[in-house]
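The values are calculated or read from the model by the stated rules, or taken from the named source; none is laboratory data. Given the structure is predicted, the values throughout are model-derived calculations rather than measurements. Because the Cβ atoms are built from the backbone with ideal geometry, glycine has one as well, and the counts that use them run over all protein chains shown. For the accessible areas, the whole protein counts, side chains as well, though only heavy atoms, and no ligand, DNA or RNA atoms are used. Shrake-Rupley method; radii C 1.70, N 1.55, O 1.52, S 1.80 Å.
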Amino acid sequence: MTNIAVLIKQVPDTWSERKLTDGDFTLDREAADAVLDEINERAVEEALLIKEREGGDSVVTVVSAGPEKASEAIRKALSMGADKAVHLLDPGLHGSDAIQTGWALARALGQVEGVELVIAGNEATDGRSGAIPAIIAEYLGLPQLTHLRKLTVEGGVVKGERETDEGVFEVEATLPAIVSVTEKINEPRFPSFKGIMAAKKKEVAVLTLAEIGVDADEVGVANAGSTVLSSTPKASKTAGEKITDEGEGGTKVAEFLVAQKII
C-alpha cells in the first residue's frame, strides 16, 4: 500500500491570451480560461495507475494552492479518481515566487497523513520554472527523482527512467520520496459521468496559511525574492509575405531566408 499525494495547479488555457495585471505584473488569472494543467493530469493518472496495480487501501490525495477558482481543477482531478484533496486557499499567497510556493506546498503536504510518495508534473505551463518538486524535496529532506518518463513502485522503492539530451538514466530511491513526470509518462484518462458525480461528494480540506504554520511575511508578492518592474506586451503577429511564382519563386524564397539569416 502506497499513499500518494499529487501536486496539481490550475493554469490559463494555452489557447487563451495570457495577460499580466497592472501594478504588480502578476498573471491575470481572470483574463483567460482556466484549466487543470495537462502535465498534472498525467501526474494524477500515474498515481491512479500505481494505486490500481497495488490494490489494497492506497489513498490518492491531490494538493493545490490557488484562488477559489482552483477548486474547478481540484474537482476534475477528483473526477478522474483521486480520493480526496487539500486546497491551500489564502490571498496572502498571491504573487509568491517559486521558493515561497515550494515552502507553502511543503507545509501543506504535512497536513496529509501517511504520504509516502509525492508526484508532480515536471513544470507548469504558466510559470515553467520546473523547480517546485526539487524545492519541496529540499524543504522536506526527501530524495527526489525528477523528469521521469517511466515510474514503478515496489517493495518500498520507487524507480524511474529519466530522459535527457545525454541519454536515458535509470534512477531509484527509497520511500518516502518526491518524483516529477514528463508528458511521456502516460495518457490521462477522461473522467466518467460516474466519476464526475462521485467527485461532488469527496472530501476537500480548505486550509489557510495560518493553519499550515506559514507566516504572512514568508510568502506573497511583497516578500518575493524577485520583483518585476515593467513588462512589454508581445508584438502582434503580422501577415506573411506572399511570393508569386513566375519562374523565380525558389530564388525569391532563398533570398528571403538569407535575409532572415536562416540559411
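Of the residues making up segment 178-220, those that are over 20 Å from the mean Cα position of the chain (by Cα) and not small (Gly, Ala, Ser) number 16. For residue 95, the conditions (1) open to solvent by less than 60 Å² (accessible area, probe 1.4 Å); (2) under 16 Å from the mean Cα position of the chain (by Cα) all hold with the exception of (2).
Listed here are the strands (runs of 3 or more DSSP E) enclosed by segment 159-263 that have at least 3 residues being open to solvent by less than 70 Å² (accessible area, probe 1.4 Å) and hydrophobic (A, V, I, L, M, F, W, C): 177-181, 204-207.
Residue 52 meets the conditions (1) under 24 Å from residue 186 (Cα atoms); (2) surrounded by fewer than 17 Cβ atoms within 10 Å (Cβ to Cβ); (3) in contact with a helix residue (DSSP H, G or I) (Cβ under 6 Å, 6 or more places away or on another chain) in every case but one. The failed one is (3).
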